[in-house]
Amino acid sequence: MQKEWGTHKKTCQPFSEDNIVTIRPYYAQDESMMPIETHRNRFFGVEHTTPQTHYRAAHIPKNLATGKNMVIKVQLPYDLKTKTVIPCTGALLVYNKKHDFVSCIRREDGAAAYDRIRHAVATKGARGAKAYFAAELKTKDELTIEISEVLAEQPF
């Protein structure tokens, strides 16, 4: 850990308007999603149960009195058949590893922030489709994302 901090410390930037965005998450009600792992398991005939929490399209963490720091995954709209990002301004899917935070980021909730997040994912993320960021959910309606530094791919 000390070794990594020494390397990171040289490039670390404090949070500022230049490297963070704050946006209101959108919690889609009465919707669910099908995780890619479920599609993959079905295709290959793998018997594996995907946790029910991975099917929910929206979830607000409990106990947000002091906010919640986390690593989030942001996914752009993606076409599984063509394996390409869909060029649109559709909602971005956002969640953390435990899926105790699941939401969308919509352009109508903050066009400038949405555009900065989408650009960071498209230019710095894995295959231009997904990226991992440090974030803080300050309240259920205020998500701050450090977009200047895309984190390494995570196992979720």
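Phe15 satisfies every condition listed in (1) within 27 Å of Ala112 (Cα to Cα); (2) at pLDDT 70 or above; (3) in a loop (DSSP other than H, G, I, E, B) except (2).
Of everything in the range 102-153 that's touching a residue at least 60 places away in the same chain (Cβ under 8 Å) and in a loop (DSSP other than H, G, I, E, B), which residue is surrounded by the fewest Cβ atoms within 10 Å (Cβ to Cβ)? Selected residue: Asp141. Restricting the range 53-90 to residues that are at positive phi and at pLDDT 80 or above leaves a set whose member that is least open to solvent (accessible area, probe 1.4 Å) is Gly67.
What is the residue count in the range 102-156 for residues that are in contact with a Leu (Cβ under 9 Å, 6 or more places away or on another chain) and among the hydrophobic types (A, V, I, L, M, F, W, C)? Of the residues in the range 102-156, 13 are in contact with a Leu (Cβ under 9 Å, 6 or more places away or on another chain) and among the hydrophobic types (A, V, I, L, M, F, W, C).
The values are calculated or read from the model by the stated rules, or taken from the named source; none is laboratory data. The model shown is predicted, which means the values in this text are computed figures rather than measured ones. Note that we place each Cβ from the backbone using ideal geometry, even for glycine, and neighbour counts take in every protein chain shown. Keep in mind that these areas ignore ligands, DNA and RNA; they rest on the heavy atoms of the full protein, side chains included. Shrake-Rupley method; radii C 1.70, N 1.55, O 1.52, S 1.80 Å.
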